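Worksheet: one structure, shown below.
The values are calculated or read from the model by the stated rules, or taken from the named source; none is laboratory data. It should be emphasised that the depicted structure is a prediction, and the values quoted were computed from it without experimental measurement. Cβ coordinates were reconstructed from backbone atoms using ideal geometry, including for glycine residues, and neighbour counts include every protein chain displayed.
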Amino acid sequence: RKEVEQDPGPFNVPEGATVAFNCTYSNSASQSFFWYRQDCRKEPKLLMSVYSSGNEDGRFTAQLNRASQYISLLIRDSKLSDSATYLCVVSSGTYKYIFGTGTRLKVLA
Amino acid sequence: DTEVTQTPKHLVMGMTNKKSLKCEQHMGHRAMYWYKQKAKKPPELMFVYSYEKLSINESVPSRFSPECPNSSLLNLHLHALQPEDSALYLCASSQDYAGSPFNEQFFGPGTRLTVL
């Protein structure tokens, strides 16, 4: 079983739709959780850290469920510019950040 | 300023060449990382420097040689590479270790390397 798993997609959604991604992790000692977005041939850019109580940044909401060992990302009112690959990243408190394989999102006009 | 810079943006080299990739950050971060990323795959960790000392080497072949001249700079020296080493090489930095949700990594734009 991979340490961090994501549905690779692609998720094709119309503009204005709400879309949610999940990411499961296997190490129960994991302490830090992040969502990054990566555009084609560009570097990963931090979208948001995921806090225990959940957090929101504009149209984006991240949740952590420690009991079931998953994190989620909800995108409301999808824009064309949201089309990208979304990477889930988990760390257990060392210098190793474990990346999921990424979920591809395509927002359609 | 959350900027990590990398040079060059693109590099084409032959298998007998020696070249270096450079990375710089001025955020006062004490951990710096090299990752390799192939198309449609997530970044793979190669090396981690913390407080200018090599902390992690993920069994990377010796044809890749990292160097951390000071807390702001990170180099990756390349020698006798193979065509399969062609990839996007990403540098990243973070405040310190990954023990808190506030210790995000910030990535540079990468160097796209082609080995002929």
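Taking the criterion of being within 26 Å of B:Ala31 (Cβ to Cβ) and not in a strand (DSSP E or B), would at least one residue in the stretch A:61-79 satisfy it?
Within the stretch A:61-79 (the criterion being within 26 Å of B:Ala31 (Cβ to Cβ) and not in a strand (DSSP E or B)), the answer is yes, since at least one residue qualifies.
Residues to consider are B:Ser100, B:Ser62, B:Ser72; find the one that is modelled with pLDDT of 95 or more, over 14 Å from the mean Cα position of the chain (by Cα) and among the polar types (S, T, N, Q).
Just a single option satisfies the conditions, and that option is B:Ser62.
All but one of (1) under 20 Å from A:Tyr70 (Cβ atoms); (2) modelled with pLDDT under 95 hold for A:Arg41; state the number of the condition that does not hold.
A:Arg41 satisfies every listed condition except (1).
Considering only residues that are of a type in the set (A, V, I, L, M) and within 12 Å of the chain's Cα centre (by Cα), which ones fall in the stretch A:5-27?
A:Val19, A:Ala20
Which pairs turn up if I take residues in the stretch A:92-109 that are at the interface with another protein chain (Cβ under 7 Å from one of its Cβ atoms) and look for partners that are part of a loop (DSSP other than H, G, I, E, B) and acidic (Asp, Glu) with beta carbon separation below 7 Å, at least 6 apart in sequence or on another chain?
Sorted first by the residue in the stretch A:92-109, then by its partner, the list stays empty.
Hey, A:Tyr36 hits all of (1) modelled with pLDDT under 95; (2) within 23 Å of B:Asp96 (Cα to Cα); (3) within 12 Å of the chain's Cα centre (by Cα) but one; which does it fall short on?
Tallying (1) modelled with pLDDT under 95; (2) within 23 Å of B:Asp96 (Cα to Cα); (3) within 12 Å of the chain's Cα centre (by Cα), A:Tyr36 fails exactly one: (1).
Given the criteria surrounded by fewer than 18 Cβ atoms within 10 Å (Cβ to Cβ), more than 13 Å from chain A (Cβ to nearest Cβ) and either of a type in the set (D, E, K, R) or at negative phi (or both), does B:Pro69 qualify?
yes
Could you check B:Cys91 against (1) surrounded by 20 or more Cβ atoms within 10 Å (Cβ to Cβ); (2) without any contact (Cβ under 8 Å) to a residue 12 or more places away in the chain and say which number it fails?
(2)
Scan the stretch A:36-50 and give yes if some residue there is over 20 Å from A:Thr103 (Cα atoms) and more than 10 Å from chain B (Cβ to nearest Cβ), otherwise no.
Within the stretch A:36-50, not a single residue is over 20 Å from A:Thr103 (Cα atoms) and more than 10 Å from chain B (Cβ to nearest Cβ).
List pairs: first residue in the stretch A:6-31 and closer than 24 Å to A:Gly58 by Cα and among the hydrophobic types (A, V, I, L, M, F, W, C), second residue assigned to a loop (DSSP other than H, G, I, E, B) and modelled with pLDDT under 95 anywhere in the structure, Cβ distance under 8 angstrom, at least six positions apart or on different chains.
Here the result reads A:Phe21/A:Asp7, each pair linking the stretch A:6-31 to a residue that is assigned to a loop (DSSP other than H, G, I, E, B) and modelled with pLDDT under 95.
Please enumerate the residues belonging to the stretch A:1-21 that are in a strand (DSSP E or B) and surrounded by fewer than 17 Cβ atoms within 10 Å (Cβ to Cβ).
Hits for the stretch A:1-21 are A:Glu5, A:Asn12, A:Pro14, A:Ala20.
Looking at B:Glu52, is it within 12 Å of chain A (Cβ to nearest Cβ), of a type in the set (Asp, Glu) and either surrounded by fewer than 21 Cβ atoms within 10 Å (Cβ to Cβ) or free of Cβ contacts under 8 Å to residues at least 12 places away in the same chain (or both)?
No: the conditions fail for B:Glu52.
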